[in-house]
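S.K.: This structure is in structure tokens; I'll ask about it shortly.
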Amino acid sequence: MKEELITKAYEIAKERYAAVGVDVDKAMDTLQNISLSLHCWQADDVAGFESNGSLTGGIQATGNYPGKARNIDEVRQDVLKAASYLPGTHRLNLHEIYGDFQGKFVDRDQVDASYFESWIQWAAENNMKLDFNSTSFSHPKSGNLSLANPDKAIRDFWVEHTIRCRAIAEEMGKRQNDPCIMNVWVHDGSKDITVNRMQYRELLKDSLDRIFATEYKNMKDCIESKVFGIGLESYTVGSNDFYIGYGVNRQKMITLDMGHFHPTESVADKLSSLLLYVPEIMLHVSRPVRWDSDHVTIMNDETLDLCQEIVRCNALDRVHIGLDFFDASINRIGAYVIGARATQKSMLRALLEPIAKLREYEANNQLFERLALLEEAKVLPWNAVWDMFCLKNNVPVGEEYIADIEKYEADVTSKRC
């Protein structure tokens, strides 16, 4: 009976959208081919498998909800469980500290692809391609500065680490026959006033040039800015201005994290400008709340605006969508699912926008009509299309996943201690 109701609602929605010039089947087909890059660190609060130390370097996971993943098997188990509730096929984004080190300490300037061999095999077995990140935080040599450190020995250590991470990403991309996107983000900054802004940025620029000296065919580089890190509030070496300049000059992909800008800035507005000057963009979708940049993504105005702008720019082939939140205060698998499905819902709504008619109104200077249709589009029956999309992908419709995640908690994660 429920399937019949979903089908009936979908057929009505299809007719309603057709009346404003939207092909619903085409929108669903497009969404089917959009893969999110799921972040492994939601499963264990960015702990990784290198050591048992706490986070340092301007990041922080808040909360102590029971049941976090404690090892590589549990991270993989939880990631697959979360992915089972998501329509479509998705990717997994790994940080370097999630290598399969088998209990052996491997310093970050010594890591190589062999420590990710089991990840490559696991990803292939589970039809999940990999993305990658270097890890500059939570290390004895992190301090406040890594790639911008005036101490040449420390700077060289982090340059070597990042060079090795690019080689790992290349191997991942080669093996999966699809480019592995590798993100470079460093926490470098100062808690209080600095009088050496230029010096640190010159050092960061030089470090990046050394890191990117080798060209690869099976991986893509992206570079990520931030407003500030916890404990590094007064100055960030890798600011948005720095990385935009570097990215345009070196033709590198820019990473835009929704939580790495001033609360009044529109990340969506940045897309059309950057796409004129850089080849591609990587998105880290999160939800900033006051000082914390990494709350679970929801379908709010900011997420909707971002997805609409991707579609309006006709940039689905140039914008990559990753998730980057970590909430340790609620069920972690639930957080995965809420954030990922919210992003997919926002993208579906963007694909269902009657853009042809809206642009016709704008071209004819029919501004009342444009605003009116934008408003009416908000209440078109997109949710009926979403339910059908989930049904076709054999994943839970609506709130059905809640009880199943509760059961997984009772049977699996609650027994972790």
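S.K.: Could you tell me the center-to-center distance, by alpha carbons, between segment 1-53 and segment 285-360 in angstrom?
M.R.: For segment 1-53 versus segment 285-360, the Cα centre distance is 11 Å.
S.K.: Can I ask one more? How many nm is it between the label spots at ILE163 and ASN365, if each spot is 7 Å from the Cα in line with the beta carbon?
M.R.: 6.1
S.K.: Another one. Applying the Karplus parametrisation 6.51 cos²θ - 1.76 cosθ + 1.60 with θ = phi - 60° to the phi angles of segment 270-275, what ³J(HN,Hα) value in whole Hz is obtained for each residue in order, glycine and proline being reported as x?
M.R.: 6, 4, 5, 6, 5, 5
S.K.: Can you give the Kirkwood hydrodynamic radius of segment 36-352 from its Cα pairs, in Å with one decimal? List each step's numbers first, then the result.
M.R.: Details: mean 1/r = 0.0511 Å⁻¹.
About 19.6 Å, per the Kirkwood formula over Cα pairs.
S.K.: Which aspartates and glutamates, if any, have their Cα less than 19 Å from the Cα of LYS415, not counting same-chain residues under 8 positions apart?
M.R.: ASP44, ASP45, ASP73, GLU74, ASP78, ASP404, GLU406
S.K.: Assuming R0 = 41 Å, can you tell me the calculated FRET efficiency for the pair TRP291 and LEU80, based on Cβ-Cβ distance, to the nearest 0.05? Don't jump to the answer; show the numbers that get you there.
M.R.: Details: r = 33 Å, r/R0 = 0.80.
Once the sixth-power term is evaluated, E becomes 0.80.
S.K.: With only alpha-carbon atoms counted, please give the Rg and Dmax of segment 85-236, in Å.
M.R.: Expressed in Å, the Cα Rg and Dmax of segment 85-236 come to 16.4, 52.
S.K.: Could you work out Rg/(2.2 N^0.38 Å) for segment 104-187, with Rg from alpha carbons only?
M.R.: 1.17
S.K.: As an exercise, find the ratio Rg/Rh for segment 236-306 from alpha-carbon atoms, using the Kirkwood inverse-distance average for Rh.
M.R.: 0.97
S.K.: In Å³ and rounded to a whole number, note down the convex hull volume per residue for the Cα atoms of segment 53-154.
M.R.: Measuring per residue, one finds 137 Å³ for the Cα hull of segment 53-154.
S.K.: What's the percent breakdown of Cα-Cα distances in segment 158-247 across 5 Å bins, shortest bin first?
M.R.: Pairs per bin, as whole percents: 3, 14, 22, 21, 17, 11, 7, 4, 1, 0.
S.K.: Return an integer: the convex hull volume of the alpha-carbon atoms of segment 261-417, in Å³ per residue.
M.R.: Looking at segment 261-417, the number lands at 148 Å³ per residue.
S.K.: Counting only residues 5 or more places away or on other chains, whose amide H sits under 5 Å from the amide H of VAL184 once H atoms are built in the peptide plane?
M.R.: Answer set, sorted by chain and number: CYS222, ILE223, GLU224.
S.K.: Related question: Can you pull out the trypsin sites (Lys or Arg not before Pro) in segment 42-138 that DSSP calls coil and that have at most 10 other Cβ atoms within 10 Å?
M.R.: LYS104
S.K.: What net charge is computed for the residues neighbouring ARG312, neighbours being all others with C-beta under 12 Å from the C-beta of ARG312, Lys and Arg scored +1, Asp and Glu -1? It would help to have the intermediate numbers written out before the result.
M.R.: On the way: positive: ARG359; negative: ASP269, ASP305, GLU309, GLU353, GLU362.
Summing Lys/Arg as +1 and Asp/Glu as -1 gives -4.
S.K.: Suppose the Debye formula is applied to equal point scatterers at every Cα of segment 75-122; what is log10 I(q)/I(0) at q = 0.13, 0.17, 0.33 Å⁻¹?
M.R.: -0.38, -0.59, -1.37
S.K.: Treating the angle as unsigned and between 0 and 90°, give the value, to the nearest 10°, between the Cα long axis of helix 197-211 and the longest Cα principal axis of the chain.
M.R.: Here the helix axis deviates by roughly 80 degrees.
S.K.: Compute the helix-to-body angle for 401-411: its Cα long axis versus the longest principal axis of the chain, expressed 0 to 90° and rounded to tens.
M.R.: 40
S.K.: In the P(r) worked out for segment 311-381, what percent of Cα pairs fall beyond 17 Å?
M.R.: Numbers: 1455 of 2485 pairs.
Distances greater than 17 Å cover 59 percent of the Cα pairs.
S.K.: Just to confirm a number: summing +1 for Lys and Arg and -1 for Asp and Glu over residues other than LEU380 whose beta-carbon lies under 13 angstrom from that of LEU380, what do you get?
M.R.: Net charge around LEU380: +1.
S.K.: So what J values fall out for segment 16-33 if you push phi through Karplus, 6.51 cos²θ - 1.76 cosθ + 1.60 with θ = phi - 60°, rounded to Hz, Gly and Pro as x?
M.R.: For segment 16-33, the Karplus-derived couplings read 5, 5, 4, 5, 10, x, 10, 8, 5, 4, 5, 4, 5, 4, 5, 4, 4, 9 Hz, x marking Gly and Pro.
S.K.: For a quick check: with amide H placed at 1.01 Å from N, whose amide H comes under 5 Å from LEU256's, ignoring anything fewer than 5 positions away on the same chain?
M.R.: It is MET282, LEU283, HIS284, by chain and number.
S.K.: Now for a different question. Using just the alpha carbons, could you tell me how many Å³ per residue the convex hull of segment 346-415 encloses?
M.R.: 102
S.K.: Could you compute the longest span of the chain free of GluC sites (Glu not before Pro) located in DSSP loops and having at most 15 other Cβ atoms within 10 Å, not counting the site residues? Show your work: numbers first, answer last.
M.R.: On the way: sites that count: GLU215, GLU233, GLU265.
Maximal segment without exposed cleavage sites: 1-214.
S.K.: Okay, next question. Lysines near LYS104 by alpha-carbon distance under 23 Å, same-chain residues fewer than 8 away left out - which ones?
M.R.: In chain and number order, the partners are LYS68, LYS141.
S.K.: Still on this structure, I have one more. Sequence neighbours fewer than 8 away in the same chain don't count; with that in mind, list the lysines whose C-alpha is under 23 Å from LYS252.
M.R.: Qualifying lysines at Cα under 23 Å: LYS129, LYS174, LYS205, LYS217, LYS220, LYS226, LYS270.
S.K.: May I ask you to evaluate 6.51 cos²θ - 1.76 cosθ + 1.60, the Karplus curve with θ = phi - 60°, for each residue of segment 147-154 and list the ³J(HN,Hα) values in order in whole Hz, giving x for glycine and proline?
M.R.: Values per residue, Gly and Pro as x: 5, 10, 6, x, 6, 4, 5, 5 Hz.
S.K.: Under a 5 Å amide H to amide H cut-off, with H placed in plane at 1.01 Å, what residues pair with ARG91 once short-range neighbours are removed?
M.R.: Excluding prolines and chain starts, which carry no amide H, the hits are LEU36, SER37, LEU38.
S.K.: What range in the chain is the longest one free of chymotrypsin sites (Phe, Trp or Tyr not before Pro) that are in a loop by DSSP and have at most 12 other Cβ atoms within 10 angstrom?
M.R.: 106-276
Read the figures in this text as sums done on the coordinates, not as results from a lab. As the structure is a prediction and not an experimental result, all values here were calculated from the model. Methodologically, a virtual Cβ is constructed for each residue, glycine included, from the backbone with ideal geometry; neighbour enumeration extends over all protein chains shown.
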